[in-house]
Amino acid sequence: MAAESAIGAERDSEKIAVEIKSFVGDSDISAFHTALGQYLNYCQALEEQEPERIVYLAIPVETYRDFFQLPFIQRALRRYQVKLIIYNPKQEEIKQWIN
């Protein structure tokens, strides 16, 4: 799961697309800007091609706890209605879905 990629899948009866981000690198804010831009681009592209597919941004649990709780990040997530999957890269396990 730690590799950065986009995948299509199904969750129950929902069609979803998942943009997986590892947030390993020098700057979390730079990685966030890139991830948010890609997320918004995928949302826009899928509106035209597969409007029933829901896009999620998958991020590591530590990044969610340490970085995604900052007020600036929380405001951006609300403003752009970003749906999240919080995963544990070591256990390769989804910890939380946030709509």
Calculate the spin-label point distance for Arg78 paired with Gln38, positioning each point 7 Å from the Cα along the beta-carbon direction, and give it in nanometres. 2.7
Percent of Cα-Cα pairs more than 18 Å apart in the chain, please. 42
Could you give me the ³J(HN,Hα) list for segment 29-40, computed from phi with Karplus coefficients 6.51, -1.76, 1.60 and θ = phi - 60°, whole Hz, x at Gly and Pro? 5, 5, 4, 5, 4, 5, 4, 5, x, 5, 4, 5
Per-residue HN-Hα couplings for segment 63-78 [Karplus 6.51, -1.76, 1.60; θ = phi - 60°; Hz; x = Gly/Pro]: 5, 4, 5, 8, 10, 6, 8, 4, x, 4, 5, 4, 5, 5, 4, 5
Below 13 Å, Cα to Cα, which aspartates and glutamates can Lys90 reach? Residues fewer than 8 away in the same chain don't count. Glu62
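Values quoted throughout were computed directly from the atomic coordinates according to the rules given, and no laboratory measurement underlies them. Bear in mind that the values here come from a model prediction, so they are computed numbers and not experimental data. Every residue, glycine as well, gets a Cβ built from its backbone with ideal geometry; the counts of neighbours run over all protein chains shown.
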